[in-house]
Amino acid sequence: MSLQVSDLRVYYRTLAGDVQALDGATFSIDDKEIMGLAGESGCGKSTLGNSLIRLDGRMRYVAGSVTLDGNSLPIWDNEAMNEFRFRDVSVIPQYAMSAMNPTRKIGKMIGELLESRGESYKEIRPELMRRIDLVGLQPDVLSRYPIELSGGMKQRMVMVVSTLLDPSLLIADEITSALDVSTQRAVAETLVSFRDHGFVKSMMVITHDVSILYQTADTILIMYAGKLAEKAPTKAIIEDPRHPYTKMLISSLPEVGIRYANKKLSGIPGSPPALLNPPTGCRFRARCPLAFDKCAEEPPFVQIARDHSAACWKATGSDA
Amino acid sequence: MLSLNRVSKFYKVGTFGGKELVAVRDVSFDVDEGEVVSLIGESGSGKTTIGKMVLKLIEISRGSITCDGTDVAGIHGGAVKSYYRHVQGVFQDPFSSYNPIFKADRVFGMIRGEYFADMARSEWSDKVEGALRAVALEPDQVLNKYPHQLSGGQLQRLLVARALLLELKFLVADEIISMLDASTRIDVLNLLAELKGRGMGILFITHDLSLGNYISEKTVILRRGAVVEMGATDKVFGNPTHPYTKVLISSVPQLHKKWADVEAEIQARGGDASGTCLFHQAYPPTVKATGKATAKAGDGADVAPTLVKVEEDHFVGCFDLGEGTCRVA
């Protein structure tokens, strides 16, 4: 068991009060597992990803624990986390295209980065060259400035840099959303190959695009309004979703082959609740077509089948 | 209704405009009333440039665009205003389309000041209400609100409602749903389909093939400013013929089919194209396309391939089609 998160709560401090963006997340990621994390914007998925690597000034750790390979991660302590960042937990940021220092040649930037971690650039360089070749870049990228590369090339370069020290957990936040379809596919397949080559032990892929997750992830975790809604192996989430939110989310996706004339899709009416003063009970209640009296009580995130957990009274079968 | 006839757009780049960048090359297609045509291409393919030319936001370098028989380039002065009465655009980012310090419904006020200055207040508010209902918004939920108080989907629908206040015949929808959440994008898409049902012509510009497939009757696939394949949507998607179209379709992430399966399916149907296709010179099959798709004049790619009819309502622009060197058809 590579990563274990239990009851993690991270709030945003605002003048009006705490925004409960991540309100009790309990899950784990196995070794060699690629877990996809999906949901609408504002459901807390990026908050969850960021909280595992760096809490920024507005974020406040409230409760919960994170264990990676048996070591507890001190995510509330910015200084203490430094020891783990890059080496154990690494991130491919949302805007990887602008993640590199524009004033440094890429090779120099990597050298400085490794030096700051007390690693020798010289020793790592052969491995770096091997990985650059693996993602289909030319060795001379190291003597170029980031501006000389195209978006997809920069993206792949950042992926190589992020995983250079073979981190145990890699967090990839919306890395495919700004790319063209053909590049998107290349980047997604590179991610999977990193896992297959053992560059990273486990991975958390955050995206709003469930169809990308179907292509890459082993398991999918769906979040809604700061809480976990459903987690299951990819096939189960796509083919047999149990939480009504997951069902509606998946059925609202247009696919190649589905035409308006033949099959009219519909969205999810309403919008996610504001998390400053979140509603009590099930947070999806107001938009849920199946909501009934019991939903005023908060459904626990429990196992409903093998490897399949959901937070819904209807899914757990206690709707009697 | 709207018809593009061999439209090209060049930009002068470099010192003193010494170089020419070809953004759009010899593009011709028609959009009829009650028809959605999706214009699909990757970044730099010129799809937005075409939309802007239709909206008279930039000049046409060569060729002509006609709307109901009138040459769009020849519309000047007061006639421009009446052109915009019938042809409007909605763009990608709803958040930056609004002035954040004014209430969102000010966009309606501007239309009134410009086009309906003599209309009585009550008649006007009925009209606004009608337009809002047409885009499935509750007037009291959206009027008198600032942009930050509304969701992206609501803002985007307000922009469509604004366009509907005019006697709109043609809408250019440029990536209008790519910034929206999965749960709301389908609603905006369905709205476009409803407008189409009322006889409006829509140019749906997108990079997302599944969206284009869902809504449009006709698909035009652009690459480096040139049309590589166009025709009825079911034919283009059902029987992709140009190697580039095949790459695009096999790269779309799907929900029930893995990438490898789609690729195998396409290969089993048409076989992998090989030969001296310009597409393959730029992107040899072993290298993954990286999305760098800017075309420069003079690099051998400044001539557009002629479109060849491969079946009824399905055209493919491949240089070697018909000469036997490229096994596409």
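The table for this structure:
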item	result
A:Ile53 vs. criteria within 16 Å of the chain's Cα centre (by Cα), assigned to a loop (DSSP other than H, G, I, E, B) and aliphatic (A, V, I, L, M)	yes
Filter result for A:Leu213 (within 29 Å of B:Ile177 (Cβ to Cβ), touching a residue at least 40 places away in the same chain (Cβ under 8 Å), touching a Ser or Thr at 6+ places or on another chain (Cβ under 7 Å) and not charged (D, E, K, R))	yes
Matching residues in the range A:42-69 - criterion: being within 23 Å of A:Leu228 (Cα to Cα) and surrounded by fewer than 18 Cβ atoms within 10 Å (Cβ to Cβ)	A:Arg54, A:Asp56, A:Arg58, A:Arg60, A:Tyr61, A:Val62, A:Ala63, A:Ser65, A:Thr67, A:Asp69
Residues of the range A:249-274 that turn out to be within 12 Å of A:Glu40 (Cβ to Cβ), at the interface with chain B (Cβ under 7 Å from one of its Cβ atoms) and surrounded by fewer than 20 Cβ atoms within 10 Å (Cβ to Cβ), as a count	1
Residue that is surrounded by the fewest Cβ atoms within 10 Å (Cβ to Cβ) [pool: residues in the range A:114-158 that are of a type in the set (Lys, Arg) and assigned to a helix (DSSP H, G or I)]	A:Lys122
Residues located in the range A:77-98, provided they are outside any strand (DSSP E or B) and of a type in the set (Lys, Arg)	A:Arg87
Qualifying residue in the range A:24-31 (condition: aromatic (Phe, Trp, Tyr) and at pLDDT below 90)	no
Test result for A:Ala172, among the aliphatic types (A, V, I, L, M), facing chain B (nearest Cβ under 10 Å) and not in a loop (DSSP other than H, G, I, E, B)	no
Residues of the range A:145-169 satisfying the condition of being more than 26 Å from A:Ile206 (Cβ to Cβ) and more than 14 Å from chain B (Cβ to nearest Cβ)	A:Tyr145
Failed item, numbered, when A:Ala286 is tested on (1) within 14 Å of chain B (Cβ to nearest Cβ); (2) over 21 Å from the mean Cα position of the chain (by Cα); (3) surrounded by 22 or more Cβ atoms within 10 Å (Cβ to Cβ)	(3)
Number of the condition not met by B:Val220 [criteria: (1) without any contact (Cβ under 8 Å) to a residue 40 or more places away in the chain; (2) within 22 Å of B:Leu55 (Cα to Cα)]	(1)
Only one of A:Leu165, A:Leu191 that is at pLDDT below 95, within 15 Å of the chain's Cα centre (by Cα) and of a type outside the set (Val, Ile, Thr)	A:Leu191
Whichever residue in the range B:193-209 is of a type in the set (A, V, I, L, M, F, W, C) and within 18 Å of B:Phe29 (Cβ to Cβ) and, among such residues, is farthest from the chain's Cα centre (by Cα)	B:Met200
Residue that is surrounded by the fewest Cβ atoms within 10 Å (Cβ to Cβ) [pool: residues in the range B:97-127 that are of a type in the set (Ser, Thr, Tyr) and closer than 26 Å to B:Val72 by Cβ]	B:Tyr115
Residues of the range B:29-68 classified as within 22 Å of B:Glu217 (Cβ to Cβ) and surrounded by fewer than 16 Cβ atoms within 10 Å (Cβ to Cβ), total	5
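Here is a yes/no grid of residues against (1) more than 9 Å from chain A (Cβ to nearest Cβ); (2) outside any strand (DSSP E or B); (3) at positive phi:
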{"position": "B:Gly153", "(1), (2), (3)": "no, yes, no"}
{"position": "B:Arg162", "(1), (2), (3)": "yes, yes, no"}
{"position": "B:Ser183", "(1), (2), (3)": "no, yes, no"}
{"position": "B:Leu203", "(1), (2), (3)": "yes, no, no"}
{"position": "B:Thr219", "(1), (2), (3)": "yes, no, no"}
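The values are calculated or read from the model by the stated rules, or taken from the named source; none is laboratory data. Everything numeric here is computed off the predicted structure, so don't read it as measured data. Here the Cβ is made from the backbone with ideal geometry for all residues, glycine too, and neighbour counts use every protein chain on show.
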